[in-house]
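Notes follow the structure.
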Amino acid sequence: MSLPTKHSLKIIQGSTFQEVLRWESATKVYKPITAIGNTAPLVITAVGHGMPIGWRCKINNVAGMKELNSSTNYQIVTGTTSDTCTFNYVNAVGFTPYVSGGILEYNAPTSLAGVTARMQIREKLTSTTILDELTTENGKLVIDDILKTITIVLSATVTQAYTFKSAVYSMELVNGSIVTPFITGNITLDTEITR
């Protein structure tokens, strides 16, 4: 079993808080690129790519449009059809024209069908008092199997009631009898100025 990902959260007291998380599997997917336009936003054609909106991928081995090639930098998909990916923040109008080839590389999304989530916030790891409990049942954790997202959703009323300065949290994903530690970290609460 892998250890949970460490990720710190910053919440502003009295403000709505949302944090979108994605569960990537260890399985790599490689989809051949068949076209890239000198457009704004950038649109890449990769037949049957299988990436949901918001997923991250690397673009490499492109002949011509060398500005896109990277074995380390990820791009975030902002729109999709079954065969195209749009990258809204990339303006490719001035890029070198695409010639051929290229690969979209990404980690396959993990299915979230039938998965629930639970999360607890405590002042510190050894605390017995739970400051807040978030679950899919109480609506503070929302799972979307189409977009493959797990979203932490805290209303302004909920964060207004928080009084801690710092805390710790952990989230587990539950599928039947299988419990997977997913993410853990520190939470910093900033006092609101406008109230």
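The values are calculated or read from the model by the stated rules, or taken from the named source; none is laboratory data. Remember, it's a predicted structure, so these values are computed and weren't measured experimentally. With ideal geometry, Cβ positions are generated from the backbone for all residues, glycine too; neighbour counts draw on all protein chains shown. The protein model used for the area step is the full one, side chains on, heavy atoms only, and it has no ligands, DNA or RNA in it. Shrake-Rupley method; radii C 1.70, N 1.55, O 1.52, S 1.80 Å.
The number of residues in the stretch 64-80 being open to solvent by 40 Å² or more (accessible area, probe 1.4 Å) and either among the aliphatic types (A, V, I, L, M) or not in a strand (DSSP E or B) (or both) comes to 9. Considering only residues in the stretch 156-195 that are loosely packed, with under 14 Cβ neighbours inside 10 Å, assigned to a loop (DSSP other than H, G, I, E, B) and hydroxyl-bearing (Ser, Thr, Tyr), the one that is modelled with the lowest pLDDT turns out to be Thr194.
For the criterion of being loosely packed, with under 14 Cβ neighbours inside 10 Å, of a type outside the set (D, E, K, R) and touching a residue at least 40 places away in the same chain (Cβ under 8 Å), Asn38 fails. Restricting attention to the stretch 2-44, the residues that are outside any strand (DSSP E or B) and among the small types (Gly, Ala, Ser) add up to 6.
Mind checking which residues of the stretch 106-145 are within 30 Å of Thr72 (Cβ to Cβ), polar (S, T, N, Q) and in contact with an Asp or Glu (Cβ under 6 Å, 6 or more places away or on another chain)? Answer for the stretch 106-145, where residues must be within 30 Å of Thr72 (Cβ to Cβ), polar (S, T, N, Q) and in contact with an Asp or Glu (Cβ under 6 Å, 6 or more places away or on another chain): just Asn107. One residue stands out in the stretch 81-101 among those that are in a loop (DSSP other than H, G, I, E, B) and of a type in the set (S, T, N, Q): the one that is least open to solvent (accessible area, probe 1.4 Å), namely Thr96.
The conditions of being modelled with pLDDT of 95 or more and surrounded by fewer than 15 Cβ atoms within 10 Å (Cβ to Cβ) are met by Pro32.
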